[in-house]
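Here the structure comes first, spelled out in structure tokens, and everything after it is commentary.
The values are calculated or read from the model by the stated rules, or taken from the named source; none is laboratory data. Because the structure is a prediction, the values reported are computed rather than measured. Cβ placement follows ideal geometry from the backbone for every residue including glycine, while neighbour counts extend to all protein chains displayed.
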Amino acid sequence: MSRNAKEIGLNKSDEGRSKIPGNKVAILGLGVSGYQSALFLKEKGFDLWVSDNQVSEMLRQRAGVLEQNGIPVEIGSHNHKKILQSDWILISPGISPASEIYRAVSEKRVPILSEIEVASWFCPTERIIAVTGTCGKTTVTTLISQVLARAGLRVHCGGNIGNPWIGELQKISTEDVVVLELSSFQLQHCRYFKPHVGILLNISSNHEDWHKDIREYAAAKIKLFENQTSTDYAIINGQDQKRYFPEARFLSRVIYFDQEMKKTGSANPNESVIRLATSLFGCESKIVEDVLSGFHGIAHRLELFHSSKGVQYVNDSKSTTLASLKWALNKYPNKRVVLIAGGHPKSRSFEDAKDLIAQKVKKLILIGEARDLLREQWKGASPIFETDDFKEAIAEACRFAETGDVVLLSPACASFDMFKNYEDRGNQFKILVSEMTGAGTTVYHPAKE
């Protein structure tokens, strides 16, 4: 039986628009978003079943806390019967559409929703900025949050950037501003989510292991705008619209940031987006410039963390796409980069970077599941060294690099074939480099996007 807005305490503005599919909910995935969603929905009186087919000490600990709160949990398997008896599913963005449980739920037409969608039902403020795109999301989300905070607004930053929105809800008031970084997975399972300002930075080939083609990927991205009204704003690149979603119709007020760049002479799309988005909240240009000039970057995103014997070591572990790798390579001189790349491929096509690698990279070190794929598509561009041992890869890079070179970890692939996440990959890189190079200068100066 469906529950209406008043019964579960939905925002007044959502009444008559949002409908809860029912009271019985299966939460798939016990990562941080699933865990916090379970605790939140339990307080709201939902009948929950939490399921994760993995087993780890962290999952055991989380399962223990949930069980102490009266929430039934299974780890190590999925009870299909129990899950399929639910009125709706809250799904982790880490569960692939190709997985057995995802296919089973889809075939039974059980509604699948993301934590972002569910959090939007209960958020007390409509002052929401949502940022998506193939690359640059984290930097733009972070800087918009910093500008708004410097302007005196109370800001909550969350989503794909690390802390689930649903876990922040109790801290948010009606006058606050929420700034969210969103992935295509999170948006794909939204129904009524509506940001006041939606931002689509860029679209390029990505997540081919999740989306059947670029059109499906783009369709997930532009779900950001489908519930907006004439009082809302869509900030997009006009060229992306022409190429990927020319048929899309917007009810919101559209701002084309590429056109604004031409008017102002700006060369940095991310900075243009930041200025446009924060101006909608009354932020003065001086505040924006002060924040941009003082920004030192983000860990794991072109993080120049160490220098030894004239060699710079750069941690770009957050690079999980071909677009982000190309962006990184363009920051450095020709034939001075020792590149470490590879991992779990999110795409099957990497050929587009071959010419740039030939121009920029003096040695290519391949790791992870993608080694064969990358070797085949990049052969001849640069000398190649391959290994399935991350420590050996770092050692080879340190041995080969000479004064004036840059050892760059910019994998262009996901991390979970060898690591817990991209943070784990980047942290291990930094530890190993520091151990292997001995005396050196530890610095922290990521390049700006």
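Just checking, how many residues over the range 228-258 are polar (S, T, N, Q) and either surrounded by 13 or more Cβ atoms within 10 Å (Cβ to Cβ) or on the phi > 0 side of the Ramachandran plot (or both)?
5
Could you grab me the full set of residues in the range 362-395 that are among the hydrophobic types (A, V, I, L, M, F, W, C), under 22 Å from residue 429 (Cβ atoms) and either part of a loop (DSSP other than H, G, I, E, B) or under 27 Å from the mean Cα position of the chain (by Cα) (or both)?
Once the filter is applied, which keeps residues that are among the hydrophobic types (A, V, I, L, M, F, W, C), under 22 Å from residue 429 (Cβ atoms) and either part of a loop (DSSP other than H, G, I, E, B) or under 27 Å from the mean Cα position of the chain (by Cα) (or both), the range 362-395 yields 364, 365, 366, 367, 370, 373, 374, 378, 390, 393, 394.
Conditions: (1) farther than 25 Å from residue 161 by Cβ; (2) surrounded by fewer than 17 Cβ atoms within 10 Å (Cβ to Cβ); (3) not small (Gly, Ala, Ser). Residue 420 meets all but one. Number of the miss?
(1)
Residues 67, 15, 7: which one is modelled with pLDDT of 95 or more, more than 25 Å from the chain's Cα centre (by Cα) and among the charged types (D, E, K, R)?
So the residue among 67, 15, 7 that is modelled with pLDDT of 95 or more, more than 25 Å from the chain's Cα centre (by Cα) and among the charged types (D, E, K, R) is 67.
Mind telling me which of the residues 127, 103, 60 ends up being outside the structural domain of residue 21 (by TED's automatic domain parsing), out of contact with any helix residue (DSSP H, G or I) (no Cβ under 6 Å at 6 or more places or on another chain) and either free of Cβ contacts under 8 Å to residues at least 24 places away in the same chain or not β-branched (Val, Ile, Thr) (or both)?
127
Which numbered condition in (1) under 23 Å from residue 118 (Cβ atoms); (2) of a type in the set (Gly, Ala, Ser); (3) more than 15 Å from the chain's Cα centre (by Cα); (4) outside any loop (DSSP other than H, G, I, E, B) is the only one that residue 220 fails?
The number of the failed condition is (3).
Of the residues that sit in the range 279-289 and are part of a helix (DSSP H, G or I) and out of contact with any Ser or Thr (no Cβ under 9 Å at 6 or more places or on another chain), which one is surrounded by the most Cβ atoms within 10 Å (Cβ to Cβ)?
289
Only residues that are free of Cβ contacts under 8 Å to residues at least 24 places away in the same chain and over 17 Å from residue 435 (Cβ atoms): list them for the range 388-418, please.
388
For the range 379-426, give me each residue that is among the acidic types (Asp, Glu), under 23 Å from residue 356 (Cα atoms) and in contact with a Ser or Thr (Cβ under 9 Å, 6 or more places away or on another chain).
396
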